[in-house]
Amino acid sequence: FYWHCVQQHARFIERFGLKELLRAKLTECGWRDQLKAHCKDVIKEKGLEHVTVEDLVVEITPKGRVLVPDSVKKELLQRIRAFLAQHAT
Amino acid sequence: MKMEDMSLSGLDNTKLEALAQDIYSDLVEDACLGLCFEVHRAVKQGYFFLDDTDQESMKDFEIVDQPGVDIFGQVYNQWKNKECVCPNCNRSIAASRFAPHLEKCLGMGRNSSRIANRRIASSNNMNNKSESDQEDNDDVNDNDWSYGSEKKAKKRKSDKNPNSPRRSKSVKHKNGEYNVTS
């Protein structure tokens, strides 16, 4: 039942604009540019011709998770909790 | 499936918090993946490093804002009076007359067969067809290409194309000397 909830909630997240909100915040705070710079390193290392999506995902995602500013994380969690509270019967 | 149908009250606070964290993780992961895909595409399409162009080269790409010239700096009336060399007859033709000329020259298009047939007819009688005569014929039929000649164009449309498969055996044609050969 728990995972069922997670799945259901994932579908409603878009309707409530959480995805867009997060992306906007991350761009605003420079997270995107930071990661892009890191991408450049990966590309130079692997070579422009040969770099794959996998290469980028493996190198970038862990860093991306860590680099999210605390304020952004806080705000997003708040919104999510509010969202869940709204729909708890 | 409405949100209200799902009862979250069954979940205690710790579970709700864990749920919230999971949702948050999902969102961050989604943002990361999105970035990876964007970057990868930019790399493969060749525009990823565009921002790194040095200032000097960037000046080459500034938008041009001068009269008589488009935003790339090209003169846009340039081709009006250029001359083209016809690949078929190797004559130099003005650009604005080039399309109709090609039509006649290559023997394609609406009017070209009529002219060709007329020429065949007249050259049967006279063997010294001069260049200037060809010019005349060309010019006369160039009327189709300008606006003021709709009357003539309409007249021509009523003429049947003698070479079309639709023609009947008895073809009415203005030139009495015309011989039907297919």
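Every number here is computed from the coordinates shown, using simple stated rules; none is lab data. Everything quoted here is computed from the prediction, not taken from an experiment. When we count neighbours, we look across all protein chains shown, and the Cβ atoms used for this are built from the backbone with ideal geometry, even at glycine.
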message: Taking beta carbons within 10 Å but only from partner chains, what does the mean come to for residues A:34-41?
response: 3
query: Comparing A:Glu49, A:Glu20, A:Glu75, which has the greatest mean-square fluctuation in the GNM of chain A with Cα pairs linked when under 10 Å apart?
result: A:Glu49
task: Would you mind putting B:65-74, B:24-33 in packing order, based on average other-beta-carbon counts within 10 Å, highest first?
output: B:24-33, B:65-74
- line: Across A:53-61, the residue-averaged tally of Cβ atoms belonging to other chains within 10 Å stands at 5
task: Output the relative contact order of chain A, whole-number percent, from Cα pairs under 8 angstrom with separation of 6+ residues.
output: 31
query: Quick one: putting +1 on the C-beta of Lys and Arg, -1 on the C-beta of Asp and Glu, what dipole do you get for chain A around its Cα centre, in Debye to the nearest 20?
result: 400
